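> Before I ask anything, let me first share the structure, which is written out below as structure tokens.
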Amino acid sequence: MSVTEESMALPWPVVTGPGGTTPAELMARVARGDSDAFTQLYDQMAPRVFGLIRRVLRNPAQSEEVTQEVMVEVWRTATRYDADRGSPTSWILTMAHRRAIDRVRSEQSSSDREQAVAAASTTPAYDEVSEAVTTNLEVEQVRHCLSALTELQRESVTLAYYGGYSYREVAELLDAKLATIKARMRDGLIRLRDCLGVTGK
Amino acid sequence: MTTPDVHMLTGPYVLNALPEDERIGFEAHLADCSSCSAEVAELREAATKLGTAVAVPPPPALKARVLAEIATTRQLPPLVRDPEPRPVDELAQRRYSRRSVFGLAAAALAVAGAGGIAVDQYRDNQRTERQNEQLAALLSQPDAKTARGEVAGGGQATVVMSAGQDRAIVLLHGLAKLPDGKTYQLWLQDRSEAMHSAGIAGPDDTKLIQGGITDKIALGITVENTPGVPAPTQAPAALVPMV
Ligand SMILES: [Zn+2]
């Protein structure tokens, strides 16, 4: 995947809107039915939602469709968002990732997928963050922190998150034990968390 | 699955790498394990950074489509959380306004702890949502009643019922895990004290019972050695009066 000129021309990721409005403030307004706030939230969040979904699904038309579903779901369920349990970005991207994964899994029965994975003679290339736009500090930091993981941690995390594979499929691809992969996903994310300095709230 | 294994699942869970059955099992664990839920929240923020790192602007036309769709999409009502749920028996004697229905459902679930609403706000869990809606619909009936009882060996059983609707919902919470081969079975006791099977259940299940409620006086729970026996073979682990 290469970066288009169009995407370079747009400033992203936008952390705050023009008026310095944070996603948390916007979410509170969206929950009260404020569609102007939703428009701003869309501008902030849609690139992340679309980018993540496209990374998982690859197909641009499908990715647009799922992005639309997710953004409408954000509007519909904003009333149920609980700020004590995570940032709006995390809430929205979790929803986006799940929708993308649901799409992947519903398209092929798991047995088909497992066979296909088992039959793959080479490890499919997974897209590293390095392919993405690199001008952003946040992206640099993610790339740096990913490189600080062991290879097995990194591959376990990225094959699942960007590749949309289940831990069983990841174990198959990496020719490792199920328990090992589960543990690497967890300790890989823990290392990433510590490196990125993120907290749960 | 052994206990230390369960706590390892925070990683695959946050990456959405668990198959459906294991995800549901882990979400049940999450409801009771504060260290796992705290870890999930933190790891989720880390995963979010991975997502943010691959942002790409969507085609501009998408925005217009989304905005057009939200203009015709009604937002869900907020969940009304009752900070101190009243005792269930008191709830049972009140009539419910439409407005408080979701709050009551949330309170009933909090009382029963049967997962659902509180487990995971991120999961767009249609099954849970449907259960909550059924529960809310039942609680909104003017004759809705709620009864609750302790289960021998640990845990509670809550029954929400409406004779008018001839429906009941049974919420089990925190019942002991049974050894292989044993199952919980639910029973409805009639006035002659005969027991009628209402199906088998897991230790944290929510079960909808449609029909056959009106003439019943109690909900029974037994631990059976064979799933789905026609009549109880064991003494009840719980008998919750429904009248
Ligand atoms: Zn745990």
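> Can you report the number of residues in the stretch B:1-42 which are assigned to a helix (DSSP H, G or I), within 15 Å of residue A:181 (Cβ to Cβ), open to solvent by less than 20 Å² (accessible area, probe 1.4 Å) and within 11 Å of the ligand (Cβ to nearest atom)? Break it down into steps so the answer makes sense when it comes.
Step one: of the stretch B:1-42, the residues assigned to a helix (DSSP H, G or I) are B:3-7, B:10-14, B:20-32, B:34-42.
If we keep only those that are within 15 Å of residue A:181 (Cβ to Cβ) as well, we get B:5, B:10-14, B:22.
So of that shortlist, the ones also open to solvent by less than 20 Å² (accessible area, probe 1.4 Å) come out as B:10-14.
Within this subset, residues satisfying the condition of being within 11 Å of the ligand (Cβ to nearest atom) are B:10, B:13.
Within the stretch B:1-42, residues that are assigned to a helix (DSSP H, G or I), within 15 Å of residue A:181 (Cβ to Cβ), open to solvent by less than 20 Å² (accessible area, probe 1.4 Å) and within 11 Å of the ligand (Cβ to nearest atom) number 2.
> Still on this model: Does residue A:157 satisfy being modelled with pLDDT under 95, open to solvent by less than 60 Å² (accessible area, probe 1.4 Å), aliphatic (A, V, I, L, M) and in the same structural domain as residue A:185 (by TED's automatic domain parsing)? Walk me through it before giving the result.
Working: modelled with pLDDT under 95: no; open to solvent by less than 60 Å² (accessible area, probe 1.4 Å): yes; aliphatic (A, V, I, L, M): yes; in the same structural domain as residue A:185 (by TED's automatic domain parsing): yes.
Spelling it out, it is not the case that residue A:157 is modelled with pLDDT under 95, open to solvent by less than 60 Å² (accessible area, probe 1.4 Å), aliphatic (A, V, I, L, M) and in the same structural domain as residue A:185 (by TED's automatic domain parsing).
> Shifting gears a bit: So, of the residues in the stretch B:58-70 that are in a helix (DSSP H, G or I) and in contact with a Ser or Thr (Cβ under 7 Å, 6 or more places away or on another chain), which turns out to be nearest to the ligand (Cβ to nearest atom)?
Applying the filter and picking the extreme gives B:70.
> Separate question: State whether the residues of the stretch B:149-161 include one that is surrounded by fewer than 23 Cβ atoms within 10 Å (Cβ to Cβ) and modelled with pLDDT under 80. First the steps, then the outcome.
Here is the first cut: in the stretch B:149-161, the ones surrounded by fewer than 23 Cβ atoms within 10 Å (Cβ to Cβ) are B:149-156.
Right, trim to modelled with pLDDT under 80 and you get none.
No, there is no match, as no residue in the stretch B:149-161 is surrounded by fewer than 23 Cβ atoms within 10 Å (Cβ to Cβ) and modelled with pLDDT under 80.
> Scan the stretch A:26-36 and tell me whether some residue there is closer than 20 Å to residue B:49 by Cβ and either at the interface with chain B (Cβ under 9 Å from one of its Cβ atoms) or out of contact with any helix residue (DSSP H, G or I) (no Cβ under 7 Å at 6 or more places or on another chain) (or both).
no
> Let me ask something else. With the requirement that a residue be facing another protein chain (nearest Cβ under 8 Å) and either surrounded by 21 or more Cβ atoms within 10 Å (Cβ to Cβ) or of a type in the set (Ser, Thr, Tyr) (or both), what does the stretch A:69-90 give you?
As a first pass, look at the stretch A:69-90 and keep what is facing another protein chain (nearest Cβ under 8 Å): A:71-73, A:75-82, A:85-87, A:89-90.
Listed by number, the residues that qualify are A:71, A:75, A:77, A:78, A:79, A:81, A:86, A:87, A:89, A:90.
> With the structure loaded, tell me whether residue B:76 is within 16 Å of the ligand (Cβ to nearest atom) and either modelled with pLDDT under 90 or surrounded by 13 or more Cβ atoms within 10 Å (Cβ to Cβ) (or both) or whether it fails that test. First the steps, then the outcome.
Working: within 16 Å of the ligand (Cβ to nearest atom): no; either modelled with pLDDT under 90 or surrounded by 13 or more Cβ atoms within 10 Å (Cβ to Cβ) (or both): yes.
Judged against the criteria, residue B:76 is not a match.
> Looking only at the stretch A:160-201, which residues are part of a helix (DSSP H, G or I), open to solvent by less than 20 Å² (accessible area, probe 1.4 Å) and at the interface with chain B (Cβ under 9 Å from one of its Cβ atoms)? I'd like the intermediate steps shown before the answer.
Taking the stretch A:160-201 as the starting set, the residues that turn out to be part of a helix (DSSP H, G or I) are A:160-161, A:167-174, A:178-196.
Then keep just the ones that are open to solvent by less than 20 Å² (accessible area, probe 1.4 Å); that gives A:160-161, A:167, A:169-171, A:181, A:183, A:185, A:188-189, A:192, A:196.
Within the stretch A:160-201, A:160, A:161, A:167, A:169, A:170, A:181, A:183, A:185, A:188, A:189, A:192, A:196 meet the criteria.
> Find the residue count for the stretch A:52-62, including only residues that are without any contact (Cβ under 8 Å) to a residue 60 or more places away in the chain and at the interface with chain B (Cβ under 8 Å from one of its Cβ atoms).
Initial filter on the stretch A:52-62 (without any contact (Cβ under 8 Å) to a residue 60 or more places away in the chain): A:52-54, A:58-62.
With the extra rule that they be at the interface with chain B (Cβ under 8 Å from one of its Cβ atoms), the set shrinks to A:52, A:54.
The number of residues fulfilling the criteria is 2.
> Just one of B:55, B:47 is assigned to a loop (DSSP other than H, G, I, E, B), among the aliphatic types (A, V, I, L, M) and away from the ligand (no atom under 14 Å from the Cβ); which is it? Break it down into steps so the answer makes sense when it comes.
Values: B:47 fails: assigned to a loop (DSSP other than H, G, I, E, B).
Exactly one of B:55, B:47 is assigned to a loop (DSSP other than H, G, I, E, B), among the aliphatic types (A, V, I, L, M) and away from the ligand (no atom under 14 Å from the Cβ), namely B:55.
The values are calculated or read from the model by the stated rules, or taken from the named source; none is laboratory data. Predicted model only: the values in this text are computed from it and were never measured. With ideal geometry, Cβ positions are generated from the backbone for all residues, glycine too; neighbour counts draw on all protein chains shown. Keep in mind that these areas ignore ligands, DNA and RNA; they rest on the heavy atoms of the full protein, side chains included. Shrake-Rupley method; radii C 1.70, N 1.55, O 1.52, S 1.80 Å.
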